[in-house]
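Undergrad: My structure is below; once you've seen it, I'll send some questions.
The values are calculated or read from the model by the stated rules, or taken from the named source; none is laboratory data. Keep in mind the model is a prediction, meaning the values are calculated, not measured. Glycine gets a Cβ as well: all are built from the backbone with ideal geometry, and neighbour counts include every protein chain shown.
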Amino acid sequence: MIHSLHAITIGSVKYGDSSLIANCFTLEFGLQSYMLKGILTSKKNQKISKSYFEPLTLLEIQAPQNKENKLGYLKEVKLEYAYQSLPFDIKKKSVLFFLAEVIQQVVREEPQENSGLYRFLKGRLLWLDDIQKVDLFHIKFMLDLTKYIGFYPNLEDSHLPYFDLASGCMSNTKTKYSLEGRNKILLETLLGMKFDEKCKLKLEKEEKLELLHHAITYFELHLQQFKPPKSTSVLHEVFSTS
């Protein structure tokens, strides 16, 4: 049975000389994988464009539901939304590739429908395309993402001197994963802000880098097999020029 699906391209890998295997996170069925035979050839009448499978593209697709980790096929693909600024803004594009690596590791644990996570991802991608300044977007994104994957930080007992990244809670005991002082305050402040208020938090470059490092460490501690995104170094380089 063919279904009309809303999908976010998570990534793709080359298969043979002319094909791709594309991973898409769908609103209706969670993570789905599709074989795109011959999509890398230069046929003039290519039905489906390879450009649709750039990281975090928003799509509408026609496809059957894939079960038991099998590869499916796509009957039809079209853009749900064409980004207006993301392809042309180097800072936004670097953030996009960074987030793609994060999201790819998150959604591989989501083989079933998770509409809350899908809507969060889509909403934030549209926001990234629309905003003027990227600023702390990627860090706030990562922290808010944890609401949908089960390890959002517990800020109860905020009077305690430490926030333990390993437990996700405040603590009286200092460990190698503890945040204290200004680092703890910055984390609490960013978590407590609404997404559109993050621009009000003014940080030095070093503080932004350190806060991002803590966010990545938090994911490493709580998400099985999570690896620091390879594009983190590119992100640092791009933002160091601002």
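Undergrad: Does K67 satisfy the criteria of being out of contact with any strand residue (DSSP E or B) (no Cβ under 9 Å at 6 or more places or on another chain), surrounded by fewer than 13 Cβ atoms within 10 Å (Cβ to Cβ) and not assigned by TED's automatic domain parsing to the domain that holds Q132?
TA: yes
Undergrad: Taking the stretch 179-215 on its own, how many of its residues are buried (at least 18 other Cβ atoms within 10 Å of the Cβ) and free of Cβ contacts under 8 Å to residues at least 60 places away in the same chain?
TA: Residues meeting the conditions: 6.
To keep it simple, each residue is scored yes or no on (1) of a type in the set (S, T, Y); (2) in contact (Cβ under 8 Å) with a residue 24 or more places away in the chain; (3) in a strand (DSSP E or B).
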{"position": "L5", "(1), (2), (3)": "no, yes, yes"}
{"position": "S12", "(1), (2), (3)": "yes, yes, yes"}
{"position": "D17", "(1), (2), (3)": "no, no, no"}
{"position": "E28", "(1), (2), (3)": "no, yes, no"}
{"position": "S33", "(1), (2), (3)": "yes, yes, yes"}
{"position": "I39", "(1), (2), (3)": "no, no, no"}
{"position": "L56", "(1), (2), (3)": "no, yes, no"}
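Undergrad: Could you please give the count of residues in the stretch 167-209 that are part of a helix (DSSP H, G or I), touching a strand residue (DSSP E or B) at 6+ places or on another chain (Cβ under 7 Å) and aliphatic (A, V, I, L, M)?
TA: 1
Undergrad: Taking G181 as meeting all but one of (1) in contact with a helix residue (DSSP H, G or I) (Cβ under 6 Å, 6 or more places away or on another chain); (2) over 22 Å from K93 (Cβ atoms), write down the number of the exception.
TA: Of the numbered conditions (1) in contact with a helix residue (DSSP H, G or I) (Cβ under 6 Å, 6 or more places away or on another chain); (2) over 22 Å from K93 (Cβ atoms), the odd one out for G181 is (1).
Undergrad: Shifting gears a bit: For residues that are assigned to a helix (DSSP H, G or I) and crowded, with 16+ Cβ neighbours inside 10 Å, scanning just the stretch 221-233, find the one that is nearest to the chain's Cα centre (by Cα).
TA: Looking at the filtered set, the residue picked out is T232.
Undergrad: Test S158 against the stated conditions and say whether it is among the hydroxyl-bearing types (S, T, Y), assigned to a helix (DSSP H, G or I) and out of contact with any Leu (no Cβ under 6 Å at 6 or more places or on another chain).
TA: Taking the combined requirement at face value, the residue does not satisfy it.
Undergrad: Let me ask something else. Within the stretch 137-154, is there a residue that is crowded, with 19+ Cβ neighbours inside 10 Å and over 28 Å from I90 (Cβ atoms)?
TA: There is at least one residue in the stretch 137-154 that is crowded, with 19+ Cβ neighbours inside 10 Å and over 28 Å from I90 (Cβ atoms).
Undergrad: Looking at the stretch 58-95 only, could you name the residues that are under 18 Å from Y118 (Cβ atoms), touching a residue at least 60 places away in the same chain (Cβ under 8 Å) and part of a loop (DSSP other than H, G, I, E, B)?
TA: Once the filter is applied, which keeps residues that are under 18 Å from Y118 (Cβ atoms), touching a residue at least 60 places away in the same chain (Cβ under 8 Å) and part of a loop (DSSP other than H, G, I, E, B), the stretch 58-95 yields only Q65.
Undergrad: What is the one condition in (1) surrounded by 17 or more Cβ atoms within 10 Å (Cβ to Cβ); (2) under 28 Å from E220 (Cβ atoms) that P111 does not satisfy?
TA: For P111, the exception is condition (1).
Undergrad: Another one. Limited to the stretch 107-135, what total is found for residues that are in contact (Cβ under 8 Å) with a residue 24 or more places away in the chain, out of contact with any strand residue (DSSP E or B) (no Cβ under 9 Å at 6 or more places or on another chain) and closer than 19 Å to L56 by Cα?
TA: 9
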